[in-house]
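The values are calculated or read from the model by the stated rules, or taken from the named source; none is laboratory data. Keep in mind that what you see is a predicted model, and the values were worked out from it rather than measured. No Cβ is skipped: glycine too gets one built from the backbone with ideal geometry, and neighbour counts run over all protein chains shown. Note: areas computed on protein heavy atoms with side chains; ligands, DNA, RNA excluded. Shrake-Rupley method; radii C 1.70, N 1.55, O 1.52, S 1.80 Å.
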Amino acid sequence: MSADNRQNTAALLLFSGGQDSTACLAWALERYARVETVGFDYGQRHNIELSCRQRVREEISERFPQWRARLGADHMIEMPALGKISDTALTRDVAIEMQQNGLPNTFVPGRNLLFFTYAAALAYRRGLMALIGGMCETDFSGYPDCREETLQTLAKAIRLGTEKDLVIETPLMHLTKAQTWALVHELGGDALTALIVEHTHSCYLGERGKRHEWGYGCGDCPACALRARGYREWRCETAAAQTR
Ligand code: ZN
């Protein structure tokens, strides 16, 4: 979507309360006239993410007056059926490990297809023309439903199935995690970086006991490993740029 079109459009963000969707929230608030948020509860182990959502929205409202007026309603969609039909390490208490097909056992088959389809139905009713998600092809765990081709093909099916010009936007699709931290800093400076470190949650195990420089988490699961590595890379690049 072009910059001019975005200024007059309302969007719906898939918002989990994690690092990536919070970066996308800032990205969207900077561009769209109004941004509503939607979360999905499917019995995920890292349910703590869902309790971080409200806090992140409140902090954004409080610290960024330029975005406050654009932040619209929040929606929650209960999807217990997804937890029941997908027997994965995200919804069951088993160790996170790689499977023979090369995907980690945290993969919930087709999760993003379902999320965007539900989001499209909600957006249709609310008159929102853009669906935004923090999916990413770079640095990702190999989830095929995070790929750009998957999501843009789905967007086409949604347009055909609703006869609405709905678009799917994925601003992080081609960014590394270090580049996502850089984007966060570009959008909201130290205040937004600190907000993400302090209040967002990405750890698959739902650990919030230990505070690292990059935020809270177990420090070992794939989500923590990615977040920690991205943060360190971004800090190193920033430090190198300053000494140049
Ligand atoms: Zn973790």
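Hey, can you find the accessible area per residue of the chain for me, probe 1.4 Å, expressed in square angstrom? Spell out each step's value before the answer.
On the way: 11390 Å² over 244 residues.
Using a 1.4 Å probe on heavy atoms only, each residue of the chain averages 47 Å².
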Grab the Cα-Cα distance for Arg63 and Asp190, subtract it from 0.36 nm times how many residues apart they are, and report the gain in nm with one decimal. 44.6 nm
Evaluate 2.2 N^0.38 Å with N set to the residue count of the chain, then give the Cα radius of gyration divided by it. 0.98
Cα gyration tensor of the range 117-189, axes a ≥ b ≥ c as square roots of the eigenvalues: rounded (a/c below 1.5), prolate (a/b > b/c) or oblate? oblate
Within the range 1-44, the residues whose backbone N lies under 14 Å from a label point placed 7 Å from the Cα of Gln152 along the Cα-to-Cβ direction are 1
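Carbon and sulfur atoms: what percent of the 1.4 Å accessible area of the range 124-244 do they account for? Write out the running numbers ahead of the final one.
Values: 2910 of 5910 Å².
Solvent-exposed carbon and sulfur of the range 124-244 make up 49 percent of the total.
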Rounded to the nearest 0.05, FRET efficiency between Glu78 and Arg55 (Cβ-Cβ, R0 25 Å) equals 0.75
Counting helices only, and only those DSSP H runs with n ≥ 4, report the 222 nm mean residue ellipticity of the chain as the sum of -39,500 (n - 2.57) divided by its residues, in deg cm²/dmol to the nearest 500. -15500 deg cm²/dmol
What nm distance separates the two modelled labels at Glu198 and Asn47, each placed 7 Å from Cα along Cα→Cβ? 2.7 nm
List the longest stretch of the chain that has no exposed loop site; here a site is one of the GluC sites (Glu not before Pro) assigned by DSSP to anything other than H, G, I, E or B, with at most 11 other Cβ within 10 Å. 1-96
Going by the alpha-carbon gyration tensor, a ≥ b ≥ c the square roots of its eigenvalues, is the range 189-238 rounded (a/c under 1.5) or, if a/c is not under 1.5, prolate (a/b greater than b/c) versus oblate? oblate
